[in-house]
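Here the structure comes first, spelled out in structure tokens, and everything after it is commentary.
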Amino acid sequence: MATSPDDTLVHTFRRYNDGDDTWGSMNEHIFQEDTSYKCPTYIQKTPPCQGSCPSGEDIRGWLQIVRGIEAPVGDMSMQEYAFRRSTTANPFPAMMGRVCPAPCQEGCNRNDVDDFVGINSVEQYIGDEAIKGGFTFDRPDELTGKKIAIVGAGPAGMAAAYQLRKMGHASVVFDDHDEMGGMMFYGIPNYRTPREALRHENQRILDMGDIEFRGNTRVGKDVSVEELENDYDAILWALGAKKGRGLFLGNWNDVPNCVTAVDFLEAFNKGDMKYTAANIVCVGGGDTSIDVVSVSRRIGTVDAYNERPEDSAEGRLIHDAAGTQPCDNVTLTALFAQEDMTAAEHEVHDAIREGVHLMNEVMPVEIITDENGRATGLKVIACEMDGNMPKAKEGAEATIIPADLIVSAIGQFGDLDGVEDYGNTDKNLFDADAFYQVPNKPGHFAAGDIVRPHLLTTAIGQASIAAESIHKYLNNENLRRRPKVDKHHFDMLEKLGEYSRTPDAFDEAKKEDLRGTDTLDYAVHNFDDRSEFEIVKSSELFLGHFDKVNRLLRAEDVPDNVEVLGHFKERMIGFDDTQAKDEAERCMSCGMCFECDNCVIFCPQDAVFRVSREDAPIGRYVDTDYDRCVGCHICADVCPTGYIEMGLGG
Ligand SMILES: Cc1cc2nc3c(=O)[nH]c(=O)nc-3n(C[C@H](O)[C@H](O)[C@H](O)COP(=O)(O)OP(=O)(O)OC[C@H]3O[C@@H](n4cnc5c(N)ncnc54)[C@H](O)[C@@H]3O)c2cc1C
Ligand code: SF4
Ligand code: SF4
């Protein structure tokens with residue numbers, strides 16, 4: 001079984017410093033701290049993985065479910081329960097698990113012990129199991145009677161339709177393509193987002209009912225915005241950024257065989273471009289540029305190639321046969337050093353293995369043309385960054401890379417044709433406030449790349465907030481300030497409800513004395529949910545509890561430079577049940593009890609006790625007898641997850 005390769009990682013947690021030779025008066029702490037009047041309270045906080053996930057998934061929650069700590073209710077399988085938890089925030093687990101660059105993993109506290117938890121490997125497992133198991137989404141049977149027009153069926157548009165349907169609102173999703181998925185379909189190639197899984201995840205949203213997909217329909221051309229305003233209760237603009245930016249070189253627009261990455265990839269993904277020319281140069285450094293060069297190496301070229309490569313790359317020529325020989329010279333240039341490229345590290349390594357020639361820290365300076373004005377090469381020179389701008393290194397000599405086709409992958413913006421009056425034509429994007437409302441356009445909302453081109457998970461997170469704003473707008477509710485940590489938090493009250501232990505409604509008559517919540521039937525005793533305000537840091541955890549365990553790696557099917565021609569097989573091979581559980585077990589459950597028993601074992605007063613199993617949803621596993629507690633805070637010290645804080649409980 002593959003694990004992360006770095007065996008040199010060591011614990012960073014140390015209870016004592018070099019030279020310490022005494023305990024530091026534990027006796028006093030234990031037997032004299034009773035004057036503190038502080039007893040353990042249970043504090044739910046947001047773990048940093050969730051804090052760093054732009055769609056705000058309850059990652060800790062679904063990892064606890066996969067590892068078996070949080071048990072499903074009734075006879076639901078672990079896989080379905082985990083799927084339900086993960087899709088509260090994000091309805092595309094199979095896609096995310098494969099291609100999300102996983103900022104959550106960078107934020108993971110486990111980095112301070114050995115290595116991050118393989119979050120998106122487990123997310124892929126959940127997504128694939130959901131497809132295998134045919135799991136469906138819940139939705140209210142009763143509709144509100146409101147209907148929203150959603151422009152764009154990319155991740156933002158589809159995620160919004162999903163969230164709105166959960167609130168009882170119907171929608172129609174318009175897209176100028178014939179398939180749903182936006183850039184998941186027309187940008188990212190099929191070996192990264194397999195079409196069968198993508199179609200399944202889109203269809204599962206439509207299967208909620210009362211969500212209609214209207215493909216091949218461009219808003220602003222086939223249907224006017226005025227019609228949408230008349231026929232729908234609100235409009236969500238989720239147009240994405242489908243126009244590529246050309247290189248900032250004077251003659252870019254005049255040279256025919258210079259194209260943008262989004263056009264090139266759309267032609268490939270539609271199945272129109274089946275091969276290309278032999279010499280491809282792509283300028284970029286992000287995911288999009290990697291896709292261009294990896295696709296070029298896969299489709300290859302044909303004998304005696306005699307076309308204008310821009311015709312197929314820009315959709316004017318439709319091929320009917322596939323390439324038969326490799327494109328030998330596929331070059332990717334980037335302004336930054338390899339380790340600073342924005343593309344995911346493993347994608348860069350894969351591209352190199354597939355035979356892509358990578359040139360780092362170079363900037364394009366001239367498109368070399370022949371007597372017909374066609375590009376024959378791209379002149380580049382070694383560069384360094386001066387703030388945000390590259391500048392040629394002193395004394396560096398320029399190199400010409402031979403090119404039949406130059407592809408620019410340096411950014412995108414929105415295509416506002418026909419909808420100019422609603423967007424910001426200076427930026428070719430849509431303006432949106434903190435609630436994703438379009439300023440000065442009541443009933444108009446915007447989310448995803450059209451607001452800020454970024455990642456799939458970002459578009460999905462914005463869509464979810466926009467859906468909430470639309471819901472409030474439709475109900476004439478005021479929009480209140482968004483929480484500081486704006487995520488899909490675990491909801492203890494919902495969990496208690498699953499166990500039929502929902503506290504009673506607050507009774508005004510009993511408001512006189514709020515002390516002693518252990519006897520109150522309308523309060524969750526001893527518990528405070530600070531998830532909307534606090535992210536739990538690794539310094540708040542007892543890291544000494546965790547042994548070093550190598551991260552499990554997914555197997556990958558990455559071809560070498562010979563096998564790559566015609567290789568379109570899925571790249572990421574998902575975990576099986578055991579691997580998913582093993583990797584989920586590495587999670588330290590930051591900010592939430594994971595039932596380790598440390599507090600029960602180490603309490604010198606036997607004040608901490610386990611509650612009965614049938615009475616113990618996650619987070620309510622232990623309780624404290626405050627008559628016995630002397631406030632020594634040992635339980636808080638030995639709590640590995642930072643869930644216990646000494647407070648004035650009662
Ligand atoms: C090549 C490429 C590779 C990428 N790789 C990754 C990756 O590995 N990981 C990652 O997280 N992100 C990646 N991204 C970024 C990610 O794809 C986007 O952030 C995400 O798709 C944005 O979602 P969206 O719904 O806002 O827009 P889109 O996905 O662009 O969807 C918008 C949809 O609206 C349609 N539309 C536009 N105008 C109209 C109109 N007037 N009427 C009707 N329909 C319209 C568009 O055609 C499109 O189908 C990549 C992007 C590209 C281009
Ligand atoms: S969507 Fe991305 S950031 Fe969020 S949990 Fe999944 S892999 Fe992590
Ligand atoms: S250890 Fe678990 S809960 Fe903590 S940050 Fe990492 S994945 Fe999240």
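The values are calculated or read from the model by the stated rules, or taken from the named source; none is laboratory data. Keep in mind it's a predicted model, so treat the numbers as computed, not measured. All Cβ positions, glycine included, derive from the backbone under ideal geometry; neighbour counts span all protein chains shown. Surface areas here come from the heavy atoms of the whole protein model, side chains and all, with no ligands, DNA or RNA. Shrake-Rupley method; radii C 1.70, N 1.55, O 1.52, S 1.80 Å.
Taking the stated definitions as given, is I400 away from ligand 2 (no atom under 16 Å from the Cβ), touching a Pro at 6+ places or on another chain (Cβ under 9 Å), assigned by TED's automatic domain parsing to the domain that holds D287 and among the β-branched types (V, I, T)?
Numbers: away from ligand 2 (no atom under 16 Å from the Cβ): yes; touching a Pro at 6+ places or on another chain (Cβ under 9 Å): no; assigned by TED's automatic domain parsing to the domain that holds D287: yes; among the β-branched types (V, I, T): yes.
No, not satisfied.
Results for (1) open to solvent by less than 40 Å² (accessible area, probe 1.4 Å); (2) in the same structural domain as N388 (by TED's automatic domain parsing); (3) within 16 Å of ligand 3 (Cβ to nearest atom), shown as yes or no for each residue.
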position	(1), (2), (3)
D404	no, yes, no
Y422	yes, no, no
D426	no, no, no
P442	no, no, no
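Residues F248, F264: which one is more than 17 Å from P402 (Cβ to Cβ), surrounded by fewer than 24 Cβ atoms within 10 Å (Cβ to Cβ) and aromatic (F, W, Y)?
Answer to the selection: F248.
Being more than 35 Å from the chain's Cα centre (by Cα) and open to solvent by 20 Å² or more (accessible area, probe 1.4 Å) is the filter here; which residues of segment 623-645 pass it?
Residues satisfying the conditions are D623, D625, Y626, D627, R628, C629, V630, H633, I634.
Out of all the residues in segment 88-142, which are away from ligand 3 (no atom under 11 Å from the Cβ), within 12 Å of the chain's Cα centre (by Cα) and of a type in the set (G, A, S)?
A89, A94, G97
So if I check each of F92, F135, F116, which one is open to solvent by 10 Å² or more (accessible area, probe 1.4 Å) and either closer than 19 Å to P155 by Cα or within 16 Å of ligand 2 (Cβ to nearest atom) (or both)?
When all the criteria are applied, what remains is F116.
Okay, residues lined up against (1) of a type in the set (D, E); (2) in contact (Cβ under 8 Å) with a residue 24 or more places away in the chain; (3) buried (at least 21 other Cβ atoms within 10 Å of the Cβ); (4) within 16 Å of N257 (Cα to Cα):
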residue	(1), (2), (3), (4)
K274	no, yes, no, no
I280	no, yes, yes, yes
G285	no, yes, yes, no
R297	no, yes, yes, no
P309	no, yes, yes, yes
I318	no, yes, no, no
Q325	no, yes, no, no
A337	no, yes, no, no
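So H488 ticks every box in (1) under 30 Å from A636 (Cβ atoms); (2) open to solvent by less than 70 Å² (accessible area, probe 1.4 Å); (3) over 27 Å from the mean Cα position of the chain (by Cα); (4) of a type outside the set (K, R) but one. Which box is left unticked?
Going through the list (1) under 30 Å from A636 (Cβ atoms); (2) open to solvent by less than 70 Å² (accessible area, probe 1.4 Å); (3) over 27 Å from the mean Cα position of the chain (by Cα); (4) of a type outside the set (K, R), H488 breaks only (3).
Please go through (1) open to solvent by 60 Å² or more (accessible area, probe 1.4 Å); (2) part of a loop (DSSP other than H, G, I, E, B); (3) touching a helix residue (DSSP H, G or I) at 6+ places or on another chain (Cβ under 8 Å); (4) within 26 Å of T517 (Cα to Cα) for R620 and return the number of the only condition it doesn't satisfy.
(1)
Can you tell me which residues in segment 363-389 are part of a strand (DSSP E or B), more than 23 Å from V330 (Cβ to Cβ) and not hydrophobic (A, V, I, L, M, F, W, C)?
Step one: list which residues in segment 363-389 are part of a strand (DSSP E or B), which gives 363-369, 375-386, 389.
Those left that are additionally more than 23 Å from V330 (Cβ to Cβ): 384-386, 389.
Selection gives E384, D386.
Would you pick out the residues in segment 71-99 that are among the acidic types (D, E) and modelled with pLDDT of 95 or more?
Selection gives E80 alone.
If we scan segment 73-82, do we find a residue that is out of contact with any helix residue (DSSP H, G or I) (no Cβ under 6 Å at 6 or more places or on another chain), under 19 Å from G574 (Cβ atoms) and within 14 Å of ligand 2 (Cβ to nearest atom)?
no
Within segment 65-93, track down each residue that is among the aromatic types (F, W, Y) and assigned to a helix (DSSP H, G or I).
Across segment 65-93, the qualifying residues are Y81, F83.
Do any helices (runs of 4 or more DSSP H) entirely within segment 121-209 hold 1 or more residues that are closer than 23 Å to F435 by Cα, out of contact with any Ser or Thr (no Cβ under 6 Å at 6 or more places or on another chain) and modelled with pLDDT of 95 or more, and if so, which?
Where helices (runs of 4 or more DSSP H) fall fully within segment 121-209 and carry at least 1 residues being closer than 23 Å to F435 by Cα, out of contact with any Ser or Thr (no Cβ under 6 Å at 6 or more places or on another chain) and modelled with pLDDT of 95 or more, they are 155-166.
Here's the yes/no breakdown for (1) open to solvent by less than 60 Å² (accessible area, probe 1.4 Å); (2) outside any helix (DSSP H, G or I); (3) small (G, A, S); (4) within 16 Å of ligand 2 (Cβ to nearest atom):
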{"site": "A505", "(1), (2), (3), (4)": "no, yes, yes, no"}
{"site": "A509", "(1), (2), (3), (4)": "no, no, yes, no"}
{"site": "S539", "(1), (2), (3), (4)": "no, no, yes, no"}
{"site": "E570", "(1), (2), (3), (4)": "yes, yes, no, no"}
{"site": "C590", "(1), (2), (3), (4)": "yes, yes, no, yes"}
{"site": "C596", "(1), (2), (3), (4)": "yes, yes, no, no"}
{"site": "I601", "(1), (2), (3), (4)": "no, no, no, no"}
{"site": "Q605", "(1), (2), (3), (4)": "yes, yes, no, no"}
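Do the conditions hold for E494, that is, is it away from ligand 1 (no atom under 16 Å from the Cβ), closer than 20 Å to K147 by Cβ, free of Cβ contacts under 8 Å to residues at least 12 places away in the same chain and open to solvent by 20 Å² or more (accessible area, probe 1.4 Å)?
No, not satisfied.
Restricting segment 348-395 to residues that are small (G, A, S) and surrounded by 15 or more Cβ atoms within 10 Å (Cβ to Cβ), which is nearest to V259 (Cα to Cα)? Don't jump to the end; show me each part of the working.
In the first step, residues of segment 348-395 are kept if they are small (G, A, S); the result is 351, 355, 373, 375, 377, 382, 387, 392, 395.
Now restrict to residues that are surrounded by 15 or more Cβ atoms within 10 Å (Cβ to Cβ): 351, 355, 375, 377, 382, 392.
Working: A351: 21, G355: 22, A375: 11, G377: 14, A382: 23, A392: 24 Å.
Checking each candidate, the answer is A375.
Consider only pairs whose beta carbons are under 7 Å apart and that are at least six residues apart or on different chains; among these, list those whose first residue lies in segment 627-649 and is touching a residue at least 40 places away in the same chain (Cβ under 8 Å) and assigned to a loop (DSSP other than H, G, I, E, B) and whose second residue is open to solvent by less than 30 Å² (accessible area, probe 1.4 Å) and among the β-branched types (V, I, T).
As it stands, the answer is C632/I30; G642/V536; Y643/I43; G649/T41, since those pairs meet every condition given.
Return the pairs, sorted by first residue and then second, in which the second residue is open to solvent by 20 Å² or more (accessible area, probe 1.4 Å), the first residue lies in segment 227-256 and is on the phi > 0 side of the Ramachandran plot, the beta carbons are less than 8 Å apart, and the residues are 6+ apart or on different chains.
Listed by first residue and then by second, the contacts come to G240/M183; G240/D449.
Just to be sure, is A343 under 24 Å from P559 (Cα atoms), of a type in the set (A, V, I, L, M, F, W, C), part of a loop (DSSP other than H, G, I, E, B) and over 34 Å from the mean Cα position of the chain (by Cα)?
No; evaluated as a whole, the condition is false for this residue.
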